[in-house]
Each structure stands twice: as C-alpha cells, then as structure tokens.
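A quick write-up on the structure given underneath.
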Amino acid sequence: MTSSAMTNVDTLIDPPGHIRAMRRAAETAADAAAPLVDLYRPYVDGLQNLPRDGRFLLVGNHSQAGVEGFLIPYMVRREIGHLVRPLTDRGFGKMPFPVADLMAAFGATVGAPESARELMRHNQPILVFPGGGREIAKFKGEQNTLRWEGRAGFARLSVENDYPIVPAALIGGDDVYTSLTRRDGLWGRLSQGLAERLGGKPDMAMPLLRGIGPTLIPRPQRMYLRFAPPIDTTKPAGIDEQDWVATIRDETKKTLERTLDELLAIRAEDPYRELNPLAWHRATQPA
C-alpha cells in the first residue's frame, strides 16, 4: 500500500498529525546533529543571499554522493528557520509506508506543477534539481556538470508566480567515487541499453565506479556549498513569456555553472579538501 503524503496537494501545507509528529522528531534530530556538522566543517557560503521571508526556489545540482539533498535544506533551515520543500521524482510518491511518509516529514513532495504552485502560493522555500536522476550517475568526464537536457519547468513556474530563484551549487559529492567508464564507451552503451529495457530511460545508465582503492567505499571529501544571489524572475513588459522563461532558465544554468567553477577553484587550494584531520584548523573558510 502506498502513501498519499507526498502526492496530495491538499495536505502539503497542513499534513496529517502523524506527519507533523515525524517532522518535529526529524527537526529535533537535525538540531542535535549541529555539533557533528560543525565538526565536519562543510564549506558554506552565500547564506546572506537567502531571502528571509522564505519565498524562493532553490535550484541545485545533483551529485553521486546525494549529500545535497540533506545539506541544502539543513543549512537553509538553520539560517532562516524555514522548512525547505524538495521536489522529488514521481516514483518516490509510490513508495510503500513508511518511506513516503518519512520523506514527507522532511518536507519532500512529488515534483508536479500543481504541487509546486501550491507551495508557491503559500510562500514556501522549494528545492529542485532540474537534472533529476540522470545527473546522479556520472560517467568519466561528467563530474561537476549539469545534465538538464532542455528542462525548463522550474523557470516557467517561477515566472508564472514571480518567484525568485536562488542557485545552490555543491562541489565534492562527485568525487567520493571515480568513474571508470565513459558514456560513449562499450560499457556505457551496454548500460544505456539495459536501462532502456528495464525502465525505458537510457539516460539513467550506470557507470563502473570505485571508491577507496578498488572498493565501493566512498572516499572522504569535504563538501563546498554556495548560494548565489537571487535571480528576479518578474517578466518585464513587452517581452514574450516563452522568451522570458528561456532567458531565466539560461541565466540560472550559467550562474550555477559559474558558481561550480568558483567552488572548484576554492577546493583546489584547500588543504582540508579530503578531510585530512591534520588540516582541520587550516580548512579554507568563506571570506
């Protein structure tokens, strides 16, 4: 039996009692984890760019580690006190109890236009990854890049609702594993064919990976997160809406790519980039 906790628009703002109780428990656990997060010392910059009223759309990049799904909402709530609402793949809404309810407790909802519009109507901070699942599995040479494949739904909804966009770039998650194969190589083609047969999505192919040595144990990596200044999506008079949507999409993508490059440069000079305990006190910090 599946749960409607992530799919029912009517319960997005006012969830059932058990979801509210799970949410309070999750927030208590997150608050208790603050000393551990501080000890780990992720590099976090641009918190001053977060609108204090919580009315904004975070647009981020997926990584192989998946840590962005935790770190971005955690830092936003810690800074401005608002629960971030991640938009997830429709498949997560079909997961059995209690998985879907647990994800709903953390604020997640299925990424449908009607859900996003309802959240925007209530001025909720929303998190979206336009690359979706295809951006998680990185083949050789694809690390720290965006794979949006022309997606512009987030820009269209932002323009329709005059919702500011805050690009949120994360570096480090793609370096916990090394990709051994290229997408256009033999394994890449075989993997794409298998993915298409099993799920109809060849862009969800999996590369061959290794972590520490020849194992799949992830390599320790510091995470670098930066929130860029908000992008105003209000359409100027006299401009076609579709053209403006494309402009907002392109500006968001360029800003995110530029911010990723900036973080790569910062990481290259950071002695703590691989979480070497001896370099903890010399870890690069935001200016």
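Tell me, please, whether a residue that is modelled with pLDDT under 95, assigned to a helix (DSSP H, G or I) and touching a helix residue (DSSP H, G or I) at 6+ places or on another chain (Cβ under 9 Å) can be found in the range 74-83. No, the range 74-83 contains no residue that is modelled with pLDDT under 95, assigned to a helix (DSSP H, G or I) and touching a helix residue (DSSP H, G or I) at 6+ places or on another chain (Cβ under 9 Å). A Cβ distance below 6 Å, combined with a sequence gap of six or more or placement on separate chains, defines the contacts here; from the range 25-41, residues that are within 24 Å of Ala104 (Cα to Cα) reach residues that are modelled with pLDDT under 95 in the pairs Ala26/Ala105; Ala26/Phe106. For Ala155, state whether it is aliphatic (A, V, I, L, M), surrounded by 21 or more Cβ atoms within 10 Å (Cβ to Cβ) and closer than 29 Å to Ala237 by Cα. Here the answer is yes, as Ala155 does meet what is asked.
Residue count for the range 247-280, restricted to those that are surrounded by 15 or more Cβ atoms within 10 Å (Cβ to Cβ) and either in contact with a helix residue (DSSP H, G or I) (Cβ under 7 Å, 6 or more places away or on another chain) or within 21 Å of Gly150 (Cα to Cα) (or both): 13.
Among the residues of the range 178-208, which ones are outside any helix (DSSP H, G or I) and either more than 25 Å from the chain's Cα centre (by Cα) or at pLDDT 90 or above (or both)?
Selection gives Thr178, Ser179, Leu180, Thr181, Arg182, Asp184, Gly185, Pro207, Leu208.
For the range 121-157, the set of residues classified as among the aromatic types (Phe, Trp, Tyr), more than 12 Å from the chain's Cα centre (by Cα) and within 21 Å of Glu262 (Cα to Cα) consists of Trp148 only. Whenever a residue of the range 61-90 is within 21 Å of Met120 (Cβ to Cβ), its partners that are among the charged types (D, E, K, R) and surrounded by fewer than 23 Cβ atoms within 10 Å (Cβ to Cβ), lying with C-beta atoms within less than 7 angstrom and at least six residues away or across chains, give the pairs Ile80/Arg52; Leu83/Arg77; Val84/Arg77. When residues of the range 5-43 are filtered for being assigned to a helix (DSSP H, G or I), farther than 30 Å from Glu274 by Cβ and among the charged types (D, E, K, R), how many remain? Selection size over the range 5-43: 5.
Any residue in the range 69-78 that is over 16 Å from the mean Cα position of the chain (by Cα) and surrounded by fewer than 19 Cβ atoms within 10 Å (Cβ to Cβ)? Reasoning before the result, please.
Going residue by residue through the range 69-78, those that are over 16 Å from the mean Cα position of the chain (by Cα) are 78.
Add one more test, that the residue is surrounded by fewer than 19 Cβ atoms within 10 Å (Cβ to Cβ), and what stays is 78.
Yes, some residue in the range 69-78 is over 16 Å from the mean Cα position of the chain (by Cα) and surrounded by fewer than 19 Cβ atoms within 10 Å (Cβ to Cβ).
The values are calculated or read from the model by the stated rules, or taken from the named source; none is laboratory data. No experiment lies behind these values; they were computed from the predicted model shown. Methodologically, a virtual Cβ is constructed for each residue, glycine included, from the backbone with ideal geometry; neighbour enumeration extends over all protein chains shown.
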